[in-house]
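Report on one structure; see the data block that follows.
Throughout, read-outs are computed from the coordinates displayed, never taken from laboratory work. Please read all numbers here as calculations on a predicted model, not as lab measurements.
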Amino acid sequence: MRRTFTALALILVLASAAAACSKQRDTGFPPIKPSSSASASPRPQSTVPVTAVTLIGKGIQWDLSQLYFVANQKVTVTVDNQETNGAAHNFALFTDPNRQLGQIFAPKVDTQPGQKLDYVVQALKAGTYYFECFIHPSMHGTVTVAK
Ligand SMILES: [Cu+2]
């Protein structure tokens, strides 16, 4: 009788251990990406309007999705292309959120991998504008222009 009880207890212990194991495996969180994934993570940013800003292009992503320009002054956008996949980037500006219409700044040249290039944007009135890389329209964001 005692032997049966011991065997039963052992089975219960094993069963609960297996349950705990499978519970541990499913955390409900997405798996942690290895650090080798090329996506640039957003960096903390000031909301103060500036006349010069650097945009880093890496992994077919900009490091910033929101820019702040000073109104009524030329603004220099430096594109820092950190790609290792051979992709070139550039900077274009629109008044239309879908970036289909209202282009107000067109890049004359592309920034090649390993290059930094300045795009000097003409003085803009206060308001909201939209930027993108012409080559990769998924690389886009918003520009807030304020005094
Ligand atoms: Cu691009």
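Residues in segment 79-96 carry Karplus couplings, in order, of 8, 10, 8, 9, 5, 10, 9, x, 7, 8, 9, 8, 10, 10, 10, 9, 8, 8 Hz; the curve used is 6.51 cos²θ - 1.76 cosθ + 1.60 with θ = phi - 60°, and Gly or Pro positions show x.
Backbone amide hydrogens, once placed in the peptide plane, bring residue 142 within less than 5 Å of 66, 67, 131, excluding anything fewer than 5 places away on its chain.
For residue 55, the residues whose modelled amide H falls within less than 5 Å of its own, excluding neighbours fewer than 5 places apart on the same chain, are 78, 79, 80.
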